[in-house]
Amino acid sequence: MSASAPATPTSSRSDWPDDIYRTLKAHDVRQVCHVPDAGHARLIDLCNADAGMRTTTLTTEEEGVALLLGAWLGGERGALLMQCSGAGNIVNMLGLSRTCRFPMLMLVTMRGEWGEFNPWQIPMGQATRPVLEAMGTTVHDVTEAQAVGPTVDAAAGLAFSGLHPVAVTLSQQLIGTKTFED
Amino acid sequence: MTGQNALLDRRDAVKTLLDDRGDLLVVTGLGGTCWDCTAAGDTPLNFPMWGGMGGAAMVGLGLSLAQPSRRVLVVTGDGEMLMGLGALATISTARPANLAIAVIDNERYGETGMQRTHTAAGVDIAGMATAAGFVQTCTVLDESALAEFTDASRSVAGPLLGVIKVATDKVPLVMPPRDGALLKDRFREAVLGTPATN
């Protein structure tokens, strides 16, 4: 069995990762860290290709919270890209953002919420928003491609000017529901 | 290292690591190393962590990437480092030349009742860092090796990691300010100038 390309998303445009990339550039994001997800593949490629961005692959998402605290201490803005399972992995570390009041911008690709076929993805997918909110994170959900750029822009403003943890959850309606069938 | 007599006092060892530190940027782990670094002298160029266990080395990585012209030293404990071992792989891959990690290893969880950590059973954190691909690693047992590691931590292109074996003696609590926002702001102001906190 091998992973296939995502099934057709309900949202019409597929170049929304480019909108995220342009928005991160507009907010002077210099450090991008991630545990890869298929939904972030194009954005990760765009960031890797940008000499003005430092991308760091993590072994687990909680490393990303600590990394971005260090980046902020050194004067750089960052963003953490992850799948929603990472929201479970970062819970304690995410407390640093509130305690130290540093910006924590998270871009979260969803599983387990829209037409999910894999039962193992459902618990964390359903718990992503409450878990993030329990740690004081503001969560913006996006289901339509045209809303991606403006939502990430608003989230970055809230994070970097408000010194606040903010997550944008990118729905499977946008990404497409993963299948292993074709 | 099981059963080995630790030769160094943790306060003396950390004081040596931080002596004449110049503009060295320091991130501490929570607990013992936070108090040790504060006992050596509280300064805005310390970022002492009171929480976020397992994250100190990664804070050091983010800082070293943002400030490539400054040396960064993470001073953390064996229990704290054991909680974030994946960071050794991440740091080795990111390859920050200006980052060194000192693991102050008393083979105990010092804040919770001195329970044995895995290093007491022989787990070799320096060996793990070597296997991850750190440029230079060592296990420090005496003052001359400590002096050598201290020099390397400020001059050798890293990442470097030294495990410094220390005694289990109880030492007095010496606490830095505990407000994380204050610690962050004073650090940024010291590194980036006043506008950083506006």
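Scanning segment B:167-186 for residues that are of a type outside the set (A, V, I, L, M, F, W, C) and open to solvent by 20 Å² or more (accessible area, probe 1.4 Å) yields B:T168, B:D169, B:K170, B:P172, B:P177, B:R178, B:D179, B:D185, B:R186. Would you mention how many residues in segment A:18-51 are over 23 Å from B:A94 (Cβ atoms) and modelled with pLDDT of 95 or more? Counting residues in segment A:18-51 that are over 23 Å from B:A94 (Cβ atoms) and modelled with pLDDT of 95 or more gives 5.
If you go through segment B:79-93 and keep only what is aliphatic (A, V, I, L, M) and either touching a residue at least 40 places away in the same chain (Cβ under 8 Å) or open to solvent by less than 10 Å² (accessible area, probe 1.4 Å) (or both), you end up with B:M81, B:L82, B:L85, B:A87, B:L88, B:A89, B:I91. Within segment A:68-99, the residues that satisfy the criterion of being open to solvent by 10 Å² or more (accessible area, probe 1.4 Å) and assigned to a helix (DSSP H, G or I) are A:W72, A:S85, A:G88, A:N89, A:V91, A:N92, A:G95, A:L96, A:R98, A:T99.
Considering segment A:100-113, and only residues there that are farther than 25 Å from A:K25 by Cβ and more than 7 Å from chain B (Cβ to nearest Cβ), the residue that is least open to solvent (accessible area, probe 1.4 Å) turns out to be A:G112. Whether any residue in segment B:68-78 is open to solvent by 10 Å² or more (accessible area, probe 1.4 Å) and of a type in the set (A, V, I, L, M, F, W, C) is what I want to check. There is no residue in segment B:68-78 that is open to solvent by 10 Å² or more (accessible area, probe 1.4 Å) and of a type in the set (A, V, I, L, M, F, W, C). Restricting the first member to segment B:40-62 and to residues that are touching a residue at least 12 places away in the same chain (Cβ under 8 Å), and the second to residues that are of a type in the set (F, W, Y) and buried (at least 24 other Cβ atoms within 10 Å of the Cβ), the beta-carbon pairs closer than 8 Å and six or more apart or on different chains are B:P44/B:F187; B:L45/B:F187; B:N46/B:F187; B:F47/B:F187; B:V59/B:F47. When A:R42 is tested against (1) in a helix (DSSP H, G or I); (2) open to solvent by less than 40 Å² (accessible area, probe 1.4 Å), exactly one condition is not met: (2). Just checking, does segment B:106-116 include any residue being touching a helix residue (DSSP H, G or I) at 6+ places or on another chain (Cβ under 7 Å), under 23 Å from A:E62 (Cα atoms) and either of a type in the set (V, I, T) or within 13 Å of another protein chain (Cβ to nearest Cβ) (or both)? No: zero hits.
Considering segment B:97-135, and only residues there that are among the polar types (S, T, N, Q) and surrounded by fewer than 18 Cβ atoms within 10 Å (Cβ to Cβ), the residue that is farthest from B:L30 (Cα to Cα) turns out to be B:T130. Whether a residue is closer than 17 Å to A:V65 by Cα, in contact with a strand residue (DSSP E or B) (Cβ under 6 Å, 6 or more places away or on another chain) and open to solvent by less than 20 Å² (accessible area, probe 1.4 Å) was assessed, and A:L132 passes this test. Pairing each residue of segment A:115-126 that is charged (D, E, K, R) with any residue that is surrounded by fewer than 18 Cβ atoms within 10 Å (Cβ to Cβ) and modelled with pLDDT of 95 or more, provided the two are 6+ apart or on different chains, yields C-beta distances under 8 Å for A:E116/A:I122.
Looking only at segment B:1-60, residues that are part of a loop (DSSP other than H, G, I, E, B) and of a type in the set (G, A, S) come to 11 in all.
Quick check on segment B:42-61. Is at least one of its residues surrounded by fewer than 19 Cβ atoms within 10 Å (Cβ to Cβ) and farther than 18 Å from B:A181 by Cα? Looking through segment B:42-61, none of the residues is surrounded by fewer than 19 Cβ atoms within 10 Å (Cβ to Cβ) and farther than 18 Å from B:A181 by Cα. Just to verify a result, which residue in segment A:55-85, among those that are under 17 Å from A:I20 (Cβ atoms) and of a type outside the set (G, A, S), is nearest to the other protein chains (Cβ to nearest Cβ)? Only one residue tops the list, namely A:L68.
The values are calculated or read from the model by the stated rules, or taken from the named source; none is laboratory data. Remember, it's a predicted structure, so these values are computed and weren't measured experimentally. Heads up, the Cβs are rebuilt from the backbone with ideal geometry, glycines too, and the neighbour counts pull from every protein chain shown. The accessibility values were calculated without ligands, DNA or RNA, using every heavy atom of the protein model including side chains. Shrake-Rupley method; radii C 1.70, N 1.55, O 1.52, S 1.80 Å.
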